[in-house]
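Engineer: Below is one structure. I have some questions about it.
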Amino acid sequence: MKVEGYSLSLHEYPGVTRSLHPHQVAMLDEWERHDALQLVTKTGSGKTAAAALPVLLRAKTCRDRPEGAVFVYPTNALMEDQERSIRRLSEAEGINPYLLTPGNARGKYGCEDIVLVQVDAKRSEDFARAYGFRKREGLPDKGRALAEILRLDRPKIVLVNPDILYLIYTLRYASSPEHVALLQAYRTIVFDEFHLYDGIELAHALFLVQIARALGSFKRVVLLSATPDRQTQLWIDLLLNPHVLDSATSTTRPRVGERLVAHDVNLEPLHRGREVVKAAHAKILELRDVLRCKRKENTDDEYIPGVVILNSVVQAIELEDLLVESGFSRDEIAPIRGLSSRSARDIRNKTLVIGTSAIEVGIDFKCDYLVF
């Protein structure tokens with residue numbers, strides 16, 4: 001079965017180097033006109049770029065008035081992926097980013113235009129160790145480190161998961177009052193992949209928006225979503241009444257061409273039987289020579305010939321072991337799952353990614369074959 005791809009038109013925009021899709025143009029045009037925006041377009045259409053560009057451009061033109069933005073991601077894997085995307089977008093527009101990490105936490109800024117920093121539980125602890133912040137009992141003081149990270153001394157984009165914000169606004173850190181005060185300098189909050197929020201996670205997200213705005217933060221709320229649930233949309237409309245942009249949004253900016261957003265896909269249903277791992281194993285062995293050939297032909301660091309997504313870490317490990325027994329080298333395989341190290345997730349020169357649902361959530365791969 002063939003699933004048809006699609007293209008979107010490209011347009012010029014004053015002060016922007018790259019050509020933009022209509023919804024990206026509209027986001028720039030509408031940015032200052034609304035306190036809540038919702039972008040609903042398909043995967044791969046550049047939603048993150050649409051939300052990041054207005055922040056990046058203001059960092060370049062308003063250096064005397066640093067502006068902060070918080071980008072919220074449902075998984076840490078997606079946060080890492082999108083940090084790379086925002087960094088590349090920044091560099092393409094001639095905006096010099098500074099990637100703040102525990103390794104350079106004590107360094108001094110140079111001529112950078114904007115600071116990018118990822119924050120999760122592990123990084124908070126690493127930052128605390130880097131800054132030398134400790135509690136009385138000797139444990140790393142993650143709350144104090146977070147306060148240092150949030151200080152808006154330069155235009156800054158802070159990438160977090162919802163848990164960090166929830167801990168702040170439910171006053172779980174001793175430093176939470178200081179965090180709340182610092183976040184008052186952040187004008188924008190962006191929730192990526194908002195359609196994934198459901199049940200208690202959705203309640204937490206909407207609570208965070210309401211209490212943060214009541215406390216003087218985030219005058220602008222941006223929701224990015226591919227397929228919003230109808231009931232969720234009703235709550236969004238009731239609480240935020242956002243200005244909605246979608247793939248039907250048009251623009252009068254000069255058209256300069258079009259870009260293929262999604263390729264045609266040949267969808268082949270396979271009988272999984274009782275053994276999902278064995279079915280995936282058989283298919284990968286069938287494709288082994290093709291995958292290795294494509295790996296030799298394409299040296300792009302972001303390219304991977306094949307991706308396999310299974311339902312659990314146990315299944316992913318089982319498949320990896322089976323493939324090694326069948327002649328694959330472990331060096332050919334990039335495991336991307338909860339128990340794998342970040343170094344193991346490097347896809348450069350790999351033949352195959354084996355992962356779990358963690359990589360379904362908005363992580364982009366340039367690949368030819370997907371087994372899921």
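The values are calculated or read from the model by the stated rules, or taken from the named source; none is laboratory data. Remember, it's a predicted structure, so these values are computed and weren't measured experimentally. Neighbour counts run over all protein chains shown; Cβ positions are idealised from the backbone, glycine included. Please note that ligands, DNA and RNA were not included when accessible areas were found on the heavy atoms of the full protein model with its side chains. Shrake-Rupley method; radii C 1.70, N 1.55, O 1.52, S 1.80 Å.
Engineer: Going by amide H atoms built from the backbone, whose H comes under 5 Å of the H on VAL115, apart from near neighbours?
Structural biologist: Placed amide hydrogens put TYR98, LYS156, ILE157 under 5 Å from VAL115.
Engineer: Can I ask one more? At a 1.4 Å probe radius, which order do CYS293, CYS111 fall into by accessible area, largest first? Intermediate values should be presented prior to the final figure.
Structural biologist: Details: CYS293 65, CYS111 105 Å².
Greatest to least solvent exposure: CYS111, CYS293.
Engineer: Considering amide H positions built from the backbone, and no H for Pro or chain starts, which residues 5 or more places from HIS243, or on another chain, come under 5 Å of its amide H?
Structural biologist: Sorted by chain and number, the residues that satisfy this are ALA36, LEU37, GLN38.
Engineer: Also, I was wondering about something else. If you filter the range 231-299 for trypsin sites (Lys or Arg not before Pro), then keep DSSP loop positions with at most 16 other Cβ within 10 Å, what is left?
Structural biologist: Working: sites: ARG255, ARG259, ARG272, ARG274, LYS278, LYS283, ARG288, ARG292, LYS294, ARG295, LYS296; in loops: ARG272, ARG274.
Those satisfying the criteria are ARG272, ARG274.
Engineer: Cut-off 17 Å, label point 7 angstrom out along Cα-to-Cβ of ARG151: give me the residues of the range 180-218 whose amide nitrogen falls inside.
Structural biologist: 180-186, by backbone N distance to the label point.
Engineer: Just want to confirm a number: the relative contact order over the chain, from Cα pairs under 8 angstrom separated by 6+ residues, in percent. Working shown, then result.
Structural biologist: Details: 646 pairs, mean separation 85.1, N = 372.
Contact order relative to length: 23 percent.
Engineer: Still on this structure, please answer the following. Of all DSSP beta bridges located in the chain, what percent are antiparallel, nearest 5? Walk me through the intermediate numbers first.
Structural biologist: Details: 10 of 54 bridges.
Counting DSSP beta bridges with both partners in the chain, the antiparallel share is about 20 percent.
Engineer: What shape does the range 42-143 have by the C-alpha gyration tensor, where a ≥ b ≥ c are the square roots of the eigenvalues, rounded means a/c under 1.5, and otherwise prolate means a/b greater than b/c and oblate the rest? Write down the numbers at each step before the final one.
Structural biologist: Numbers: a/c = 2.55, a/b = 1.51, b/c = 1.69.
Judged from the Cα gyration tensor, the range 42-143 comes out oblate (a/c at least 1.5, b/c at or above a/b).
Engineer: For MET1 and GLU201, what does the FRET efficiency come to when R0 = 35 Å and r is the distance between their Cβ atoms, rounded to the nearest 0.05? Don't jump to the answer; show the numbers that get you there.
Structural biologist: Details: r = 33 Å, r/R0 = 0.95.
For MET1 and GLU201, the calculated efficiency is 0.60.
Engineer: Give me the percent of DSSP beta bridges within the range 99-253 that run antiparallel, rounded to the nearest 5. It would help to have the intermediate numbers written out before the result.
Structural biologist: Details: 1 of 12 bridges.
Around 10 percent of the beta bridges assigned by DSSP in the range 99-253 are antiparallel ones.
Engineer: Ordered by residue, what ³J(HN,Hα) values in Hz, to whole numbers, does the range 107-114 give under the Karplus form 6.51 cos²θ - 1.76 cosθ + 1.60, where θ = phi - 60° and Gly and Pro are x?
Structural biologist: x, 10, 5, x, 9, 5, 8, 8
Engineer: Continuing with this model, one more query. By a straight-distance test (C-alpha under 21 Å), which lysines pair with LYS156 as possible cross-link partners, with residues fewer than eight away in the same chain excluded?
Structural biologist: Straight-distance partners of LYS156: LYS47, LYS60, LYS108, LYS122, LYS142, LYS219.
Engineer: Would you kindly find the accessible area of SER7, with a 1.4 Å probe and non-protein molecules such as ligands, DNA and RNA excluded, rounding to the nearest 10 Å²?
Structural biologist: Spelled out: SER7, probe radius 1.4 Å, area about 50 Å².
Engineer: LEU239 to THR43: FRET efficiency via 1/(1 + (r/R0)^6), r the Cβ-Cβ distance, R0 30 Å, to the nearest 0.05?
Structural biologist: Working: r = 25 Å, r/R0 = 0.84.
The formula returns an efficiency of 0.75 here.
Engineer: Tabulate in residue order the Karplus-calculated ³J(HN,Hα) for the range 83-90, using 6.51 cos²θ - 1.76 cosθ + 1.60 with θ = phi - 60°, rounded to whole Hz; enter x for Gly and Pro.
Structural biologist: Running phi through 6.51 cos²θ - 1.76 cosθ + 1.60 with θ = phi - 60° gives 4, 4, 5, 5, 5, 5, 4, 4 Hz.
Engineer: Same structure again: How much mean residue ellipticity at 222 nm does the chain get from its helices, if each DSSP H run of length 4 or more adds -39500 (n - 2.57) and you divide by all residues, to the nearest 500 deg cm²/dmol? Intermediate results must be reported in sequence, preceding the final value.
Structural biologist: On the way: 11 runs with 138 residues, N = 372.
Here the helix-only value at 222 nm equals -11500 deg cm²/dmol.
Engineer: From the square roots a ≥ b ≥ c of the eigenvalues of the alpha-carbon gyration tensor of the range 253-359, which class results: rounded (a/c under 1.5), prolate (a/b over b/c), or oblate?
Structural biologist: On the way: a/c = 1.72, a/b = 1.53, b/c = 1.12.
Because a/c hits 1.5 or more and a/b exceeds b/c, the range 253-359 counts as prolate.
Engineer: Relative to the Cα centre, what is the charge dipole magnitude of the range 208-255, using +1 at the beta carbon of each Lys and Arg, -1 at the beta carbon of each Asp and Glu, and rounding to the nearest 20 debye?
Structural biologist: Working: 6 positive and 3 negative charges, 56 e Å.
The calculation lands at about 260 debye.
Engineer: Using a probe of 1.4 angstrom, how much of the accessible area of the chain is carbon and sulfur, in percent?
Structural biologist: On the way: 9190 of 18500 Å².
Exposed carbon and sulfur together represent 50 percent of the surface.
Engineer: Continuing with the same structure: How large is Rg/Rh for the range 222-282, to two decimals, with Cα atoms and a Kirkwood Rh?
Structural biologist: On the way: Rg = 20.2 Å, Rh = 16.9 Å.
With Rh from the inverse mean 1/r over Cα pairs, Rg/Rh is 1.20.
Engineer: What's the center-to-center distance, using Cα atoms, between the range 280-313 and the range 210-257 in Å?
Structural biologist: 37 Å
Engineer: Lysines near LYS278 by alpha-carbon distance under 30 Å, same-chain residues fewer than 8 away left out - which ones?
Structural biologist: By straight Cα distance, LYS278 reaches LYS2, LYS294, LYS296, LYS350, LYS366.
Engineer: Give the calculated FRET efficiency between ARG88 and VAL324 to the nearest 0.05, with a Förster radius of 25 Å applied to their Cβ-Cβ distance. Walk me through the intermediate numbers first.
Structural biologist: Working: r = 33 Å, r/R0 = 1.34.
In this case the efficiency is close to 0.15.
Engineer: Running a GNM on the chain with Cα contacts under 10 Å, which residue among LEU182, LEU260, LEU57 ends up with the highest mean-square fluctuation?
Structural biologist: Ranking LEU182, LEU260, LEU57 by mean-square fluctuation puts LEU260 first.
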